[in-house]
Amino acid sequence: MSPNKHKVKQIFLLILLVPLLTGCWDSQEIEQRATILAISIDKAGSGAEEQEEQEEEISHLAGKVPEEGMIGVTVQIAVPGRIPLGPQVGGGGSAEQKSVMVVRVVGHTIEDAMFNIQQEIADEIFLGHLRLIVLSEEVAKDGVQRFNDYLRRNPEIRRTASIVVSKEKASKYMEVSPELERIPSLYLAAMVENLAHVGKFPESFIGQFWSILSSKGQDGYLPYFKIKGKKNIQLNGLAYFQGEKMVGKTKPQEVGVFMAGKGEEKGGYASFVEIPGTEEMALVQADKRKTRIKASLKNGKPHILVKVRYESHIAEKESPNVSIKKEADIRALEKEFDKITRKSLSDLISKTQKAKSDIFGFGEHFRGKLPEYWKREVRTAEGWQDVYENLSYDVEVTTHISRAGMKSK
């Protein structure tokens, strides 16, 4: 091989290797980012533009944009070096060692609010680790569509982030300091995720919520939380939507029957049931459910049949003097549990019908199994809401109590 050809190969190889040496040319240290862990959204009151939380005339000149519809946005920003990476003793953290910084602003949109936050923060805002979005009940009732555009278009926001509705002002959740976690937003996000594992709520994350909002045969739902005391957060039910607007909420106990009607397998709720032939109560715990939903036309009208089978056990008796060891006693208790659950599920379906909110997704069963009827009579999400309001239904519940539990012996 001639020296010239060898030199050409070396130059060519060098050209190929040069791009590999530039892999970190635009890298940015994590300490140089303002990592937002949680966002809360409230309605801003009158005169919001003059409030201290907002820098004036950042995205517009004063008086140029109407104040109607302004929102208050509060964020938790991670403080570099203070995020716990392993097991910790105690919680809350001292005032001198706070793991997060809380920033409040007002704005006309989320992006407008983010501009205002950036005006107060030296480092560039980063949303890649956003774990939680809290909407106040007031904001949810006004509609969530105005926020979806920004959240969906932002490539940093993960679809696995949690989104919840709060009974109180959403900004209060940015200040709550639970004993079990030094970072409030991570505690609440983990709480939402773990609710599915213990059978207290279906899997709920922002990507799934957006998918349901885009559906023609189902309406959205989100966990509904309240602050209990000064430090504790409680799942207080389920917020249900008609389209983009929240139209109602359930009681905590109704979440269990909703999961039965939706077809969630894992049970996590218990109910007090009167022991037949006595005035005593037994606590029956649901372990598993199996749900079958059949969509059909009855006399030309849409009809839904919901069959739920429970696998349960007796967790506790009210009185140790009452025995439920006999087979007949257990069968009688099963029938009583069936009766209570059937009524609860029927009442919840009826309540959501009045709000035209099909959170169970019955419409999707009609779309899939009766497509010709759907194309002819329903066609749109709004059309299904009108049909759902007058939908006839039957609910059948059967329970098998497999064991009495140690406290009932």
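Some values worked out for this structure:
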{"item": "Residues of segment 190-209 satisfying the condition of being assigned to a loop (DSSP other than H, G, I, E, B) and either in contact with a Cys (Cβ under 6 Å, 6 or more places away or on another chain) or of a type outside the set (A, V, I, L, M) (or both)", "result": "199, 200, 201, 202, 203, 204, 205"}
{"item": "Selection within segment 354-384 - under 22 Å from the mean Cα position of the chain (by Cα) and not acidic (Asp, Glu)", "result": "355, 356, 357, 359, 360, 361, 362, 363, 381"}
{"item": "Residue among 357, 350, 346, 296 that alone is buried (at least 18 other Cβ atoms within 10 Å of the Cβ), small (Gly, Ala, Ser) and not assigned by TED's automatic domain parsing to the domain that holds residue 242", "result": "357"}
{"item": "Single residue of segment 102-137 satisfying the filter (small (Gly, Ala, Ser) and assigned to a loop (DSSP other than H, G, I, E, B)) that is nearest to residue 185 (Cα to Cα)", "result": "128"}
{"item": "Test for residue 324: is it of a type outside the set (Ser, Thr, Tyr), in the same structural domain as residue 270 (by TED's automatic domain parsing), modelled with pLDDT of 95 or more and in a loop (DSSP other than H, G, I, E, B)", "result": "no"}
{"item": "From 261, 220, 243, 199, residue being crowded, with 16+ Cβ neighbours inside 10 Å and in the same structural domain as residue 289 (by TED's automatic domain parsing)", "result": "261"}
{"item": "Top-ranked residue of segment 264-276 - restricted to ones that are in contact with a strand residue (DSSP E or B) (Cβ under 9 Å, 6 or more places away or on another chain) and not in a strand (DSSP E or B), ranked as surrounded by the fewest Cβ atoms within 10 Å (Cβ to Cβ)", "result": "265"}
{"item": "Hits in segment 98-149 (condition: among the polar types (S, T, N, Q) and buried (at least 20 other Cβ atoms within 10 Å of the Cβ))", "result": "99, 116, 136"}
{"item": "Qualifying residue in segment 170-189 (condition: under 27 Å from residue 257 (Cβ atoms) and either outside the structural domain of residue 223 (by TED's automatic domain parsing) or of a type in the set (A, V, I, L, M, F, W, C) (or both))", "result": "yes"}
{"item": "Test: residue in segment 168-176 that is modelled with pLDDT of 90 or more, surrounded by 15 or more Cβ atoms within 10 Å (Cβ to Cβ), hydrophobic (A, V, I, L, M, F, W, C) and within 24 Å of the chain's Cα centre (by Cα)", "result": "yes"}
{"item": "Meets criteria (assigned to a loop (DSSP other than H, G, I, E, B), among the charged types (D, E, K, R) and over 28 Å from residue 218 (Cα atoms)) for residue 279", "result": "yes"}
{"item": "Qualifying position, being in the same structural domain as residue 75 (by TED's automatic domain parsing), within 24 Å of residue 70 (Cα to Cα) and β-branched (Val, Ile, Thr), among 106, 100, 192", "result": "106"}
{"item": "Residues located in segment 236-282, provided they are modelled with pLDDT of 90 or more and over 25 Å from residue 139 (Cα atoms)", "result": "256, 257, 259, 260, 261, 262"}
{"item": "Hey, residue 146 closer than 18 Å to residue 39 by Cβ, modelled with pLDDT under 90 and out of contact with any Pro (no Cβ under 8 Å at 6 or more places or on another chain) or not", "result": "yes"}
{"item": "Residues of segment 208-250 classified as within 25 Å of residue 387 (Cα to Cα) and not hydrophobic (A, V, I, L, M, F, W, C), total", "result": "18"}
{"item": "Residue pairs meeting the criteria (Cβ under 8 Å; at least 6 apart or on separate chains; first outside any loop (DSSP other than H, G, I, E, B), in segment 138-158; second surrounded by 15 or more Cβ atoms within 10 Å (Cβ to Cβ) and among the aromatic types (Phe, Trp, Tyr))", "result": "140/241; 148/210; 152/210"}
{"item": "Candidates 344, 350, filtered to the one that is in contact with a helix residue (DSSP H, G or I) (Cβ under 6 Å, 6 or more places away or on another chain), at pLDDT 90 or above, outside any loop (DSSP other than H, G, I, E, B) and within 18 Å of residue 221 (Cβ to Cβ)", "result": "344"}
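The values are calculated or read from the model by the stated rules, or taken from the named source; none is laboratory data. Only a predicted model underlies this, so the values are computations on that prediction, with no experimental measurement involved. Backbone-built Cβ (ideal geometry, glycine too); neighbour counts: all protein chains shown.
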